[in-house]
Amino acid sequence: MFAIESLLVKIALIGVIGIGAQWVAWRTGKPAIALMLVAGILAGPVLGLIDPERDFGALREPIIKLAVAVILFEGGLSLKFRELRQAGAAVFVLVFIGVPVGWALGTAAAYYGAGLPFELAALFGGIMVVTGPTVIAPLLRSLNISPRVKNMLKWEAIVNDPIGALLAVGVYSYITHGGADANSASIVIDVVAASTLAILLGGVVGFALTWAFPRGWVPEYLKAPVLLTTVIAVFVLSDLVMHETGLITVTVMGVVMANRETYSSHMLRRFKEDLTVLLVSGVFIILAATLDWEVVQNFQLRFVIFLLLLLFIVRPLTIMIALLFTRIPFKERLFVAWIAPRGIVAVAVTGLFALRLSDYGFAGAEALVPLGFGVVIVTIFAHGFTAAAFARWLGLDQGKGEGVLLVGANSWTIAFAEFIKRQDREVLVADASVLALRRARRADLPVHHGDILDEAHDDHINMGQFQQLIAATDNDSYNALVCSELAPEMGHDRVSRMVGASRSGNQRRGRVFTLAGTPIEEQLDRLQAGWTFGRTRITEKFPYANFVARMKASGGDSLAVVRASGELAIFTTHHRPSVEAGDTIWTFVPPDAPKPPPRKTVTGEEPVA
């Protein structure tokens, strides 16, 4: 009984540490992958709280493999062919030219730099062509760079993961079938045949599910469980044919489903994203905790030469050769050439083949584990902590995303957009009506014509550039739909809506904009009556309590608060953000509203409202 409880405690601890590290990363802006790695090492070899080999035993390897399968499937679900309009040629050469070039250079670095036997160097060089969604996705989430660069890194990571594993499978087959005496042609045929079968299996299953789901063959409440079970089943089935081909199957299955309509795609994607966050956190903690002092002691000084070659020669040269004849700007090539953190797949596959080759009696196989962990640790810290600064230095960083997206073009939103623009903050007015946008264009405001839901889901608009979204059309149901659909992507605290006069009492569907929840019709009337937008700075002499009393007396609306850090928080009927001295509040007040007292400056007195 105690053993069961102890294992339950370990599982809970892994979850708490993994998710906790991701939360700390979100709060501090540090790379999540680096913090999870540090947390796993602290929980494992340093404090001894988790020992995966002792706690999970023979279940450790299947758990990791199934988790990687689900992660790769979710990565495949994010691969839309429309993303290739800008990055298609680059992705093609990164796969078909970058992989063989990277394999050759990685093999040479492992052979001459790390001093591995040639066969072992070729196996490890094949594994090193992977980057992986488990490390790229958290890294890209923290960067605000162009979609083309993100798509290149994302597609390369997800597509190359199973390819790197298959290269290792081929070399392993070569070693175990007699080395130089092996029939290389037969091994290549076996790997190609198994890979083709894996591709066909993934494609057929993905097509079958996207055919069955819209026709009601599976009820809504069972779609996510059926999908998860199917992913695991086809992964295991393909892996029985040849080790690691299951990674190809689940990736292809995800890509097929991503590019065919299921009529539940958003719900399924959110489920898989949530599950993937849990799995990435858990597997990273388990793998980092596996690193023991014996592995550390086996890390040799010559391995440092390999790591330097990998960082500064192998990866940059691979990307520069692959993208040589493309139209990708040099700065973007340079950024992609630097970003190549390795993660779960690299460690898991390296550990798997190190164990098999050690059992086979191949000399030097024990060096793969410390070398694999060394690559993961160095690349995660080197790329994770420098990516943002490097993007800024190259001029690729698009900023923190402090803009405001106003959905619906009417007199009030246009006036509000003009006010936001005067505050030196980016603003975009979006509407499906060309006529409605005419006045916004005349006011020299940035506009977007189209349904915001289609544009956001089709990646025509980079939602990362906006800190707040306010849906303010005259259709209350549409406003609620926009909030419910885009909240998971932007964050529920970053979307709000305005209500119609007939729906002002119904405030359950999403956050209702302004502290008073004023209907859009009433705001339009107020604007016609001469109400204006203003701003009030909260100081020690004019505290927030005085501001509240003044607003209550005037009957004005509190809209948002701009904190000293530049963060913009919206007032809603159910949320009053904290306000401190130094913050500035945006208001909508009647023409006869009393003004706040002027504040002293070096040159005299300056009004702040």
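Could you give the size of the charge dipole of the chain about its Cα centre, using +1 on the Cβ of each K and R and -1 on the Cβ of each D and E, expressed in debye and rounded to the nearest 20?
Roughly 1540 debye for the chain.
Which cross-chain or sequence-distant (5 or more) residues have an amide H under 5 Å from the amide H of residue 495, H modelled 1.01 Å from N in plane?
Excluding prolines and chain starts, which carry no amide H, the hits are 469.
Express the Stokes-Einstein translational diffusion coefficient of region 4-63 in µm² s⁻¹, to the nearest whole number, given a Kirkwood radius over alpha-carbon pairs, 25 °C and a viscosity of 0.890 mPa s.
Answer, rounded: 201 µm²/s.
Hey, with R₀ at 45 Å, roughly what FRET efficiency would residue 320 and residue 418 work out to, going by the Cβ-Cβ distance, to 0.05?
The formula returns an efficiency of 0.45 here.
Any idea what the alpha-carbon Rg over 2.2 N^0.38 Å comes to for region 16-101?
After normalising by residue count via 2.2 N^0.38 Å, the value is 1.51.
Please list 3J(HN,Hα) in residue order for region 527-541, calculated via the Karplus relation 6.51 cos²θ - 1.76 cosθ + 1.60 where θ = phi - 60°; whole Hz, with x for glycine and proline.
4, 5, 7, x, 5, 9, 8, x, 9, 10, 8, 8, 10, 5, 7
Along the Cα→Cβ direction, 7 angstrom out, place labels at residue 443 and residue 63. What is the inter-label distance in nm?
So the two model labels end up 5.6 nm from each other.
Count the DSSP beta bridges whose two residues both fall in the chain, then state the antiparallel fraction as a percent rounded to the nearest 5.
Expressed as a percentage, antiparallel bridges in the chain total about 55.
Considering every Cα-Cα pair within region 131-172, what fraction, in whole percent, is farther apart than 14 Å?
50 percent
Fully extended, how many nm does the chain gain between residue 197 and residue 433 (0.36 nm per residue separation, minus their Cα-Cα distance)?
Value of the extension gain: 80.1 nm.
If you plug each phi of region 238-247 into the Karplus form 6.51 cos²θ - 1.76 cosθ + 1.60 with θ = phi - 60°, what whole-Hz ³J(HN,Hα) values come out, in order, with x for Gly and Pro?
Computed from phi, the couplings for region 238-247 are 5, 5, 5, 6, 7, 4, 6, 6, x, 5 Hz.
Tell me, in nm to one decimal, what length is gained between residue 477 and residue 355 on full extension, where the rule is 0.36 nm per residue of separation less the Cα-Cα distance?
The residue 477-residue 355 span can extend by a further 38.1 nm.
Which residues' amide hydrogens lie under 5 Å from the amide hydrogen of residue 427, considering only partners 5 or more residues apart or on another chain, with H built in the peptide plane?
404
For region 17-146, give the percent of accessible area contributed by carbon and sulfur heavy atoms, probe 1.4 Å, rounded to a whole number.
67 percent
Just to confirm the number: angle between the C-alpha axis of helix 344-360 and the first principal axis of the chain, 0 to 90 degrees, nearest 10?
With both axes taken from Cα atoms, the answer is about 10 degrees.
Take the residue pairs 10/223; 10/150; 150/223; 80/421; 80/223; 10/154 and return only those whose Cα atoms are more than 27 Å apart.
From 10/223; 10/150; 150/223; 80/421; 80/223; 10/154, over 27 Å: 10/223; 10/150; 150/223; 80/421; 10/154.
Averaged per residue, what accessible surface does region 322-395 expose to a 1.4 Å probe, in Å²?
39 Å²
Could you pull out the trypsin sites (Lys or Arg not before Pro) across region 308-389 that fall in loop regions by DSSP (anything but H, G, I, E, B) with no more than 16 other Cβ atoms inside 10 Å?
Answer by residue number: 327.
How much length is gained if the chain between residue 233 and residue 522 is pulled fully straight, taking 0.36 nm per residue apart and subtracting their Cα-Cα distance, in nm to one decimal?
Result: 98.4 nm gained on full extension.
Quickly work out the residue 330-to-residue 385 label distance, labels modelled 7 Å from Cα along the C-beta direction, and quote it in nm with one decimal.
Rounded to a tenth, the inter-label distance reads 3.0 nm.
Could you calculate the FRET efficiency of residue 176 with residue 30 from 1/(1 + (r/R0)^6), where r is the beta carbon distance between them and R0 is 41 Å, rounded to 0.05?
The calculated FRET efficiency here is 0.45.
Which log10 I(q)/I(0) values, to two decimals, does the chain give at q = 0.10, 0.12 Å⁻¹ under the Debye formula with one point per Cα?
Debye intensities relative to I(0), on a log10 scale: -0.95, -1.22.
With no solvent and one equal point scatterer per Cα, compute the Debye intensity ratio I(q)/I(0) for region 108-255 at 0.10, 0.13, 0.20, 0.21 Å⁻¹ and report its log10, rounded to two decimals.
-0.47, -0.74, -1.20, -1.24
Carbon-plus-sulfur fraction of the accessible area of region 392-489, 1.4 Å probe, in percent?
Ligands and nucleic acids excluded, carbon and sulfur give 45 percent.
Which loop trypsin sites (Lys or Arg not before Pro) in region 396-453, with loop taken from DSSP, have no more than 14 other Cβ atoms within 10 angstrom of their Cβ?
Qualifying residues, ordered by number: 400.
Would you please calculate the Kirkwood hydrodynamic radius of region 334-492 over all C-alpha pairs and express it in Å, rounded to one decimal?
19.4 Å
I'd like to check one number: the per residue accessible area of region 161-255, probe 1.4 Å, reported in Å² as a whole number.
Computed with neighbouring chains in place, this is 45 Å² per residue.
Which whole-number value in Å³ per residue fits the convex hull of the alpha carbons of region 21-178?
Dividing the Cα hull volume of region 21-178 by its residues yields 158 Å³.
The values are calculated or read from the model by the stated rules, or taken from the named source; none is laboratory data. Only a predicted model underlies this, so the values are computations on that prediction, with no experimental measurement involved. Positions of Cβ are backbone-derived with ideal geometry, glycine not excepted, and every protein chain shown enters the neighbour counts. Ligands, DNA and RNA are stripped out before the accessible areas are found, and what is left, the full protein with its side chains, is counted by its heavy atoms. Shrake-Rupley method; radii C 1.70, N 1.55, O 1.52, S 1.80 Å.
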